[in-house]
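What follows is a single structure, written as structure tokens, with notes after it.
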Amino acid sequence: MRFANPQYFLLLIPAIVFFFLFIRRWIGKEAVLRFSSVSLVKEAGAKRAAFGRLFQGMLRLLSVVFLILAIARPQTSTGEEKTTEFVVDIMIALDVSGSMATLDFHPDNRLAAAKLEARHFVEARGHDRIGLVVFAGQSVTQCPLTVDRGAILALLDKVQLGMLEDGTAIGLGLANAVNRLKDSQAKSKVIILLTDGINNAGEIDPLTAADLAKQFGIRVYTIGVGKEGQAILPIQDPRFGTRLLKVETRIDEKSLSDISRRTGGLYFRAQDERALREIFKEIDRLEKTEIKVETYTHYDERYFWFLWPAFFILLFEIVWTNLVRVKIP
């Protein structure tokens with residue numbers, strides 16, 4: 001609670017002064033009539049004048065105090081917050097081609113590491129809409145833009161190798177992500193494209209898809225996944241079961257860099273899970289969500305909390321003085 005006009009509290013000073021002047025005037029004042037004995041008056045039920053005057057003065061002072069509190073305008077407040085969020089719409093385009101099974105990331109393969117860091121990234125973006133597309137020889141939307149973290153994380157868990165025809169259609173995957181973002185009204189629109197290969201499938205060239213992203217004001221961050229040199233790739237042989245082959249990591253870094261440069265994004269290279277984690281953290285830092293909070297306070301007048309007590313105390317003082325207290329003329 002607050003008082004809108006606290007300057008009226010200065011009126012308490014003259015009120016207290018008048019109270020003491022009133023007490024000084026009446027308490028201890030000699031009686032106008034002298035009696036040889038006051039026993040008859042006491043037996044008649046008369047009360048001490050000193051107490052009566054003191055009580056009367058206290059009632060008047062109390063009523064004045066409440067009246068001053070009332071005119072000082074006591075108020076209670078109700079706070080309201082208006083939050084304006086400038087969120088980021090983000091599509092993650094994830095490569096699920098067969099080469100993502102390469103065993104050069106801990107604790108499993110490239111796809112498992114990418115899913116783990118993508119999960120951490122999604123969990124950290126509490127206010128943004130995030131979607132997921134996957135691509136190999138084709139591209140599908142695994143999850144449209146949503147603020148439902150549980151839904152996108154559940155669908156991310158279901159991403160697995162072999163869910164699409166094999167191949168690496170980077171351009172098609174990027175174009176699919178652009179299609180999901182092109183109608184967004186968000187202040188910032190972002191695609192995070194993660195792949196470990198070279199575009200070898202699909203009808204759309206990666207740089208054509210990048211120009212499409214630029215046209216719609218979409219920034220593309222590209223991530224090349226995989227260690228330099230050779231790595232182990234498990235393959236399924238129908239005759240001998242799982243076989244381990246040594247494969248050479250081949251990433252079209254030039255195309256990925258061009259995609260990011262044309263759209264205002266950045267290209268990153270992740271050769272281990274730690275580097276991949278730091279890349280996602282860097283993208284998270286670059287694409288911050290802006291939240292503006294404005295607080296409004298509404299004040300309600302509460303003068304009647306003190307005005308009514310002042311009225312009833314004054315009324316009681318009048319009744320008590322004129323009807324209850326014994327007067328001797």
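The values are calculated or read from the model by the stated rules, or taken from the named source; none is laboratory data. Keep in mind that what you see is a predicted model, and the values were worked out from it rather than measured. All Cβ positions, even for glycine, are placed from backbone atoms using ideal geometry, and neighbour counts span all protein chains on display.
Some observations on this one:
- In segment 157-196, the residue that is farthest from the chain's Cα centre (by Cα) out of those that are over 20 Å from residue 115 (Cβ atoms) and of a type in the set (A, V, I, L, M, F, W, C) is 172.
- Residue within segment 195-218 that is among the β-branched types (Val, Ile, Thr) and assigned to a helix (DSSP H, G or I) present: yes
- Only one entry of 183, 211, 196 meets the criterion of being under 20 Å from residue 142 (Cβ atoms), touching a helix residue (DSSP H, G or I) at 6+ places or on another chain (Cβ under 7 Å) and of a type in the set (D, E, K, R), and that entry is 196.
- Which listed residue is buried (at least 18 other Cβ atoms within 10 Å of the Cβ), among the aromatic types (Phe, Trp, Tyr) and in a helix (DSSP H, G or I), from 280, 268: 280
Yes/no per residue for (1) assigned to a loop (DSSP other than H, G, I, E, B); (2) within 23 Å of residue 217 (Cβ to Cβ):
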{"position": "107", "(1), (2)": "yes, no"}
{"position": "113", "(1), (2)": "no, no"}
{"position": "117", "(1), (2)": "no, no"}
{"position": "120", "(1), (2)": "no, no"}
{"position": "130", "(1), (2)": "no, yes"}
{"position": "141", "(1), (2)": "no, yes"}
{"position": "150", "(1), (2)": "no, no"}
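- Checked against the criteria, residue 151 counts as surrounded by fewer than 20 Cβ atoms within 10 Å (Cβ to Cβ) and either out of contact with any Cys (no Cβ under 6 Å at 6 or more places or on another chain) or in the same structural domain as residue 283 (by TED's automatic domain parsing) (or both).
- Taken as a whole, the structure places residue 65 among residues that are under 30 Å from residue 9 (Cβ atoms) and either more than 22 Å from the chain's Cα centre (by Cα) or not assigned by TED's automatic domain parsing to the domain that holds residue 194 (or both).
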